[in-house]
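For reference, the structure discussed in these notes is given below.
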Amino acid sequence: MDEGKAKPFEPGEKPLLVPLWDKEMCVRCGLCYLFCPDAAIKRGDDGYYEATLDYCKGCGICHQECWFGAISMMEEG
Amino acid sequence: MDKFALYVPQLLPFKEHFLPEAHRACMGCGIALGVRQTYKALEEKNEWMERARWEVPFKQPLPGSLIKDTKEVGEETRPALLHLEKDGQAHLLICFDNEAVTAKPTPAVFKKTFPAAAAARGFHYVATACPSYPFDLIDKVRRGMESEGNSYLHILSPCPVGWDFESEFTVKIGRFAVESAIFPLYEVVTGTPRLTIDHPTIRPVDQYIQMQKRFNHFKKKEILAIQADVDSHYTKLQEGKL
């Protein structure tokens, strides 16, 4: 980040839809974490995953790739 | 630690090196996903990561020997390239191919030529990969860095904007490309290709093509021709010929 002309910037607008985990269906396999292009999904202390909403762009890959259907895309809040 | 604490994705390093503060990719970008997985493969090799050099795709010639084979590709539409160095010398060249070739939007033309050209020009290790198969990709990046001579890695990166599909299907479409053998995953060591993922049943190419709106203009005859082309290429690969 120091070299070149690129400067750090705040990630842009908030996404329309954000992922929401259903903890009863989630088996904590980590596939959502592996397939997130924006590195938005983090592993919490309890082993469950959650999205950093500053980074999430709402693409829906985690919702599509979850084998157990534990992730649904919801409006924020 | 309970019995669910150790699934395979958690064996990868959790540290992130490619954060959204540093890039402005669209949502569901295949290249961003590929770069993130590549950087995960290079974990604990900081000197490799620091010396990595990007070649931005605009109006720059390809390095040395690959120029001649890519004349037909327009100058503005070259894919993004990542150079990795080892011991002060260029070692691994990674091509993130999002198929932004405007002149000929036909699958399986461009991708066949690049790895084959690289293998013919004496790269020691040549491989194709796709971010839909992350462990395969990570293995290949590591193997490329460990090989004795130069290596080349061709990564298919689905592009939701250019290919015209919903952003949530990025990973699925890459998987369809591999399962329909339009983009077979193989590695070439000392001239002999070996399929790293060989599905017992091959999907019809039709299913892959109909997922994207960029191929809407294709007629049935053209799809059949592509199917025949893909089949013959795949049989050759299975027999160990490039």
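The values are calculated or read from the model by the stated rules, or taken from the named source; none is laboratory data. Every value quoted in this text rests on a predicted model; they were computed, and no experiment measured them. Backbone-built Cβ (ideal geometry, glycine too); neighbour counts: all protein chains shown. Ligands, DNA and RNA are excluded from the accessible area calculation, which covers all protein heavy atoms including side chains. Shrake-Rupley method; radii C 1.70, N 1.55, O 1.52, S 1.80 Å.
What are the residues in region A:27-65 that are open to solvent by 20 Å² or more (accessible area, probe 1.4 Å), over 10 Å from the mean Cα position of the chain (by Cα) and charged (D, E, K, R), if any?
Answer for region A:27-65, where residues must be open to solvent by 20 Å² or more (accessible area, probe 1.4 Å), over 10 Å from the mean Cα position of the chain (by Cα) and charged (D, E, K, R): A:R28, A:R43, A:D45, A:D46.
Any residue in region B:222-229 that is of a type outside the set (G, A, S), touching a helix residue (DSSP H, G or I) at 6+ places or on another chain (Cβ under 8 Å), without any contact (Cβ under 8 Å) to a residue 60 or more places away in the chain and not in a loop (DSSP other than H, G, I, E, B)? Give the steps one after another, and end with the answer.
Going through region B:222-229, the residues of a type outside the set (G, A, S) turn out to be B:222-224, B:226-227, B:229.
Now narrow it down to the ones that are touching a helix residue (DSSP H, G or I) at 6+ places or on another chain (Cβ under 8 Å): B:223, B:226-227.
Right, trim to without any contact (Cβ under 8 Å) to a residue 60 or more places away in the chain and you get B:223, B:227.
This time we only want the ones that are not in a loop (DSSP other than H, G, I, E, B), so: B:223, B:227.
So far as region B:222-229 goes, yes, one or more of its residues are of a type outside the set (G, A, S), touching a helix residue (DSSP H, G or I) at 6+ places or on another chain (Cβ under 8 Å), without any contact (Cβ under 8 Å) to a residue 60 or more places away in the chain and not in a loop (DSSP other than H, G, I, E, B).
Determine which member of the set B:E43, B:E85, B:E21, B:E55 is modelled with pLDDT of 80 or more and either surrounded by 13 or more Cβ atoms within 10 Å (Cβ to Cβ) or within 19 Å of the chain's Cα centre (by Cα) (or both). Walk me through it before giving the result.
Numbers: B:E43 fails: modelled with pLDDT of 80 or more; B:E21 fails: modelled with pLDDT of 80 or more; B:E55 fails: modelled with pLDDT of 80 or more.
Of the residues listed, the single one that is modelled with pLDDT of 80 or more and either surrounded by 13 or more Cβ atoms within 10 Å (Cβ to Cβ) or within 19 Å of the chain's Cα centre (by Cα) (or both) is B:E85.
Going residue by residue through region B:191-204, is there one that turns out to be assigned to a helix (DSSP H, G or I) and touching a residue at least 40 places away in the same chain (Cβ under 8 Å)?
No; the residues of region B:191-204 include none that is assigned to a helix (DSSP H, G or I) and touching a residue at least 40 places away in the same chain (Cβ under 8 Å).
Select, from B:F96, B:F110, the only residue that is under 23 Å from B:G28 (Cβ atoms) and modelled with pLDDT of 80 or more. Please lay out each step first, then the result.
On the way: B:F110 fails: modelled with pLDDT of 80 or more.
Matching residue, one of B:F96, B:F110: B:F96.
Return only the number of the condition from (1) polar (S, T, N, Q); (2) modelled with pLDDT of 75 or more; (3) open to solvent by 30 Å² or more (accessible area, probe 1.4 Å) that B:T38 does not satisfy.
Only one criterion in (1) polar (S, T, N, Q); (2) modelled with pLDDT of 75 or more; (3) open to solvent by 30 Å² or more (accessible area, probe 1.4 Å) is unmet by B:T38, namely (3).
If I filter region B:158-173 down to residues being touching a Ser or Thr at 6+ places or on another chain (Cβ under 6 Å) and within 21 Å of B:R203 (Cα to Cα), which single residue comes out as nearest to the other protein chains (Cβ to nearest Cβ)?
Initially, region B:158-173 is screened for residues touching a Ser or Thr at 6+ places or on another chain (Cβ under 6 Å), giving B:158, B:160, B:171.
Still in the list and also within 21 Å of B:R203 (Cα to Cα): B:158, B:171.
Details: B:P158: 11, B:V171: 5 Å.
Ranking the qualifying residues of region B:158-173, first place goes to B:V171.
Could we say that B:A228 is more than 14 Å from every other protein chain (Cβ to nearest Cβ) and open to solvent by less than 10 Å² (accessible area, probe 1.4 Å) here?
Values: more than 14 Å from every other protein chain (Cβ to nearest Cβ): yes; open to solvent by less than 10 Å² (accessible area, probe 1.4 Å): no.
So B:A228 does not fit the description; no.
Hey, among the residues in region B:202-220 that are more than 22 Å from the chain's Cα centre (by Cα) and open to solvent by 50 Å² or more (accessible area, probe 1.4 Å), which one's nearest to B:C130 (Cα to Cα)?
Of the residues in region B:202-220, the ones more than 22 Å from the chain's Cα centre (by Cα) are B:216-220.
Now restrict to residues that are open to solvent by 50 Å² or more (accessible area, probe 1.4 Å): B:216-217, B:219-220.
On the way: B:N216: 24, B:H217: 26, B:K219: 27, B:K220: 27 Å.
Restricting to residues being more than 22 Å from the chain's Cα centre (by Cα) and open to solvent by 50 Å² or more (accessible area, probe 1.4 Å), the top hit is B:N216.
If you scan region B:125-135, which residues turn out to be surrounded by 19 or more Cβ atoms within 10 Å (Cβ to Cβ) and farther than 12 Å from B:L93 by Cβ?
B:T128, B:A129, B:C130, B:P131, B:S132, B:Y133, B:P134, listed by residue number.
Within region B:154-186, which residues are more than 11 Å from the chain's Cα centre (by Cα) and β-branched (V, I, T)?
Result: B:V161, B:T170, B:V171, B:I173, B:I182.
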